[in-house]
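The values are calculated or read from the model by the stated rules, or taken from the named source; none is laboratory data. Keep in mind that what you see is a predicted model, and the values were worked out from it rather than measured. Every residue, glycine among them, receives a Cβ derived from its backbone with ideal geometry; neighbour counts consider all protein chains shown. The area values use the complete protein model at the heavy-atom level, side chains included, leaving out ligands, DNA and RNA. Shrake-Rupley method; radii C 1.70, N 1.55, O 1.52, S 1.80 Å.
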Amino acid sequence: MHRIFKVGDKIEIVRIDRRTWEEKGVQYVSKIADIKDEYFYIFTPIREGVYITFFIEEIVRIYKVMPDGVWVFDAVVEDRFKEPEYMIKVRQISDIRKIQRRMFFRLPINLDIFVKLLSPQEDEVNGNLQNGFSEGKIVKALTKDISGGGVCFLTQEEFNIHDIILTKIPVEGEELVLKAQILRKERVDHHIYRFMYGSKFIEAKQNEIDRIVRFIFKEQQKMRRKGLL
């Protein structure tokens, strides 16, 4: 699979939380300096003129964007060098896998949204999803992060894994209504909310995904200008 990742390739690096195995959000741009078996030598990324410090045994995720999608693998940092150039040595610890471009980046952001549980009967009905919020129990929620593939949110309401929900999310000055499925559930210690849910969008149209990706890109630009990314 080293035919996918080659010397000189532009890549992006994301730190991984060892406890949850989730990405910490910040992406660092770099290049591959050399490859030897499962070891990758990567130029140390620079941000605002300062070399980024990676720690020995830290877990990172390496991305390469290609026309047909995004390729990724997980690695552990094994060494750091200053000569002949600043580099880190990482060891590949997962298979190289392909993901869809729209799944590429999760933006950590707090947005007030609305969520509604869909009954099996409602889920089978085709039509304007906007009408789904015209009746039934609608609950308030707060996003933790969002991507083109799904949304993580906090709420008081208890849902179950595999539940189908409607989400109403403010995007580009409008409220975008998307169907989603609950994939992950976790109790949280929060002064307002009791549960955190990870969900994936289902049956989303390409133009709806594009709007979310465009929104994420604009928010990234704002955060970078403020030094938050």
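Points to keep in mind about this one:
- Cβ-Cβ contacts under 8 Å between residues 6 or more apart (or on different chains), taken from a first residue in region 189-204 that is over 19 Å from P108 (Cβ atoms) to a second residue that is β-branched (V, I, T) and exposed (fewer than 15 other Cβ atoms within 10 Å of the Cβ), are listed as R194/V188.
- Hits in region 112-131 - residues which are of a type in the set (G, A, S) and at pLDDT 65 or above: S119
- Whichever residue in region 22-55 is in contact (Cβ under 8 Å) with a residue 60 or more places away in the chain and out of contact with any Pro (no Cβ under 7 Å at 6 or more places or on another chain) and, among such residues, is least open to solvent (accessible area, probe 1.4 Å): Q27
- I212, sole failed condition from (1) more than 19 Å from K24 (Cα to Cα); (2) at pLDDT 90 or above; (3) out of contact with any helix residue (DSSP H, G or I) (no Cβ under 7 Å at 6 or more places or on another chain): (2)
- Enumeration of residues in region 70-94 that are open to solvent by 30 Å² or more (accessible area, probe 1.4 Å), among the acidic types (D, E) and touching a strand residue (DSSP E or B) at 6+ places or on another chain (Cβ under 7 Å): E78, D79, E85
- Close pairs from region 5-19: first assigned to a loop (DSSP other than H, G, I, E, B), partner among the acidic types (D, E), Cβ under 8 Å, at least 6 apart: V7/D34; D17/E23
- Enumeration of residues in region 56-69 that are open to solvent by 80 Å² or more (accessible area, probe 1.4 Å) and assigned to a strand (DSSP E or B): none
- Residue under evaluation R18, criteria (1) under 26 Å from G149 (Cβ atoms); (2) open to solvent by less than 70 Å² (accessible area, probe 1.4 Å), criterion not met: (2)
- Residue in region 52-75 that is more than 24 Å from the chain's Cα centre (by Cα) and modelled with pLDDT under 90 present: no
- Within region 155-181, residues that are within 13 Å of K137 (Cβ to Cβ) sit with their Cβ atoms under 9 Å from residues that are of a type in the set (D, E) and modelled with pLDDT under 95, at 6+ positions apart or across chains, in these pairs: L166/E122.
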